[in-house]
Amino acid sequence: MMALLLFLSFLALIFLGVPVAFSLGLSSLFYLFMNDIPLTIIPQKMFGGLNSFVLLCIPGFILAGNLMNAGGITDRIIHFANNFVGHIRGGLGLANVGSSMGFAGISGTALADVSSIGAIMIPAMKKEGYGAGFSAAVTASSSTVGPIIPPSLPMIIVGTLASVSIGDLFLAGALPGLLLGFGLMIPTYIISVRRNYPKGERKSLKEIGKSFTGAFWALFMTVIILFGILGGYFTPTEASVIAVLYALVVGIFIYKELPIKKIPSLMLDSMTSTASIMLLVGFANLFGWIMVSEQIPQLVASVILGISDNPIIVILLINLLLLFVGTFMETIAALVILFPVLLPVAMEVGMDPVQFGVMMVLNLVLGLITPPVGVCLFVASQIGKVSIGKTTKELMPFLGVGLIVLLLVAYIPQITLFLPNLLK
């Protein structure tokens with residue numbers, strides 16, 4: 001009964017527009033009052049959720065992404081992608097997706113992707129004659145690649161929750177991320193051909209090579225992070241610090257577009273983003289502790305396995321639950337709350353924790369482009385100055401691609417496990 005009241009109060013606060021972090025905190029506070037539990041448990045559980053060395057890499061990767069973005073990375077990645085595919089029908093849309101794939105190796109978050117790439121690509125696509133809704137839909141959908149291709153902030157959270165190698169999770173996300181990115185290019189091209197969207201001039205190999213050289217230092221950051229961690233040269237937290245130093249060197253001395261006087265404001269922005277994430281993780285950990293106390297994980301497991309013990313059905317039910325949750329809950333909050341609940345169920349039917357982690361992250365990031373709480377959908381629509389309804393309608397083919405990739409990841413383990421197993 002108390003567990004039901006906990007969830008009802010949480011959902012009521014969400015639908016009243018209260019931020020997710022405070023919804024988690026207030027509903028937890030309501031539960032503690034109703035059960036006469038000392039409020040000293042709040043700082044204890046929040047600190048327990050944040051007291052992890054691995055979580056220290058979150059501010060590092062956020063700052064590195066902000067530094068690289070301010071240092072001219074976005075323009076260079078877009079320029080290279082446009083030179084490479086711009087001559088194809090709908091080339092600017094394809095370049096939009098390609099830019100997101102390149103930027104994913106820097107930011108690790110979908111929101112940073114849609115804000116940075118969208119601010120440049122959506123107005124450019126509209127100017128060239130692409131529909132505003134289509135331009136926003138391409139940008140929003142391709143931003144979901146950001147948390148899948150390494151580095152990835154949600155993967156770091158998963159690694160912390162499940163005590164799984166973050167290097168393995170980063171590697172496991174590489175192939176699904178590429179599948180999703182290239183998959184999104186298919187409806188982009190088909191729709192562009194049907195609507196006769198424009199194409200640019202074919203660039204010479206020299207021009208393509210020159211633009212690649214400009215983008216090389218930005219793209220090489222992913223290589224340093226990934227192989228540094230996998231090679232045992234540094235931990236994920238140390239990798240985030242190296243990424244910051246690398247971003248400073250590239251932005252100041254190579255690209256020469258990062259003003260030193262702008263660094264303090266970028267650090268402040270990064271601290272603000274980090275604080276919001278950490279507050280969310282802390283309150284989610286308190287909420288999760290209450291769920292464990294109420295034996296919610298065991299209840300969920302018994303309900304799902306009571307419906308069927310067939311692995312195909314169980315995995316499908318888990319995905320349907322996550323797709324529903326992703327429509328109204330922020331990705332990291334959903335991970336912290338539901339990952340410990342659903343992991344035992346997934347392992348019961350033979351799923352590897354790494355595969356399940358990637359599947360869950362991919363599933364929940366699709367919620368970033370679906371109403372009512374699709375933050376990437378909102379940002380892209382705002383940049384494109386188009387209604388949410390119109391963008392959502394244009395998003396349907398791209399969401400279909402995301403669901404196909406999700407099913408492939410869910411039912412074909414080698415898509416996620418091939419690279420981690422290869423390097424063991």
Inspect all residues belonging to the stretch 42-60 and state whether any of them is at positive phi, open to solvent by less than 20 Å² (accessible area, probe 1.4 Å) and either among the aromatic types (F, W, Y) or in contact (Cβ under 8 Å) with a residue 12 or more places away in the chain (or both).
-> no
Quick one: would you say T144 is open to solvent by less than 10 Å² (accessible area, probe 1.4 Å) and more than 11 Å from the chain's Cα centre (by Cα)?
-> no
State yes or no: is Y233 among the aromatic types (F, W, Y) and either open to solvent by 40 Å² or more (accessible area, probe 1.4 Å) or part of a loop (DSSP other than H, G, I, E, B) (or both)?
-> yes
Out of the stretch 237-284, which residues are open to solvent by less than 70 Å² (accessible area, probe 1.4 Å) and of a type in the set (F, W, Y)?
-> Y246, Y255, F283
Tell me which of these M267 doesn't satisfy, since it passes every other one: (1) under 21 Å from V358 (Cα atoms); (2) touching a residue at least 24 places away in the same chain (Cβ under 8 Å); (3) part of a helix (DSSP H, G or I).
-> (1)
Log entry, pairs with first residue in the stretch 370-393 being charged (D, E, K, R), second being crowded, with 17+ Cβ neighbours inside 10 Å and assigned to a helix (DSSP H, G or I), beta carbons closer than 7 Å, six or more apart or on different chains, reads K385/A132; K390/G133; K393/G133
Would you be able to say whether some residue in the stretch 237-256 is under 22 Å from V158 (Cα atoms), in a loop (DSSP other than H, G, I, E, B) and in contact with a Phe, Trp or Tyr (Cβ under 9 Å, 6 or more places away or on another chain)?
-> no
In the stretch 102-129, residue modelled with the lowest pLDDT [restricted to those that are of a type in the set (A, V, I, L, M) and surrounded by 24 or more Cβ atoms within 10 Å (Cβ to Cβ)] | I106
Can you tell me which residues in the stretch 373-389 are surrounded by 21 or more Cβ atoms within 10 Å (Cβ to Cβ) and not in a loop (DSSP other than H, G, I, E, B)?
-> C376, L377, V379, A380, S381, I383, G384
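The values are calculated or read from the model by the stated rules, or taken from the named source; none is laboratory data. The model shown is predicted, which means the values in this text are computed figures rather than measured ones. Note that we place each Cβ from the backbone using ideal geometry, even for glycine, and neighbour counts take in every protein chain shown. Remember, those area values only see protein heavy atoms, side chains included, never the ligands or the DNA or RNA. Shrake-Rupley method; radii C 1.70, N 1.55, O 1.52, S 1.80 Å.
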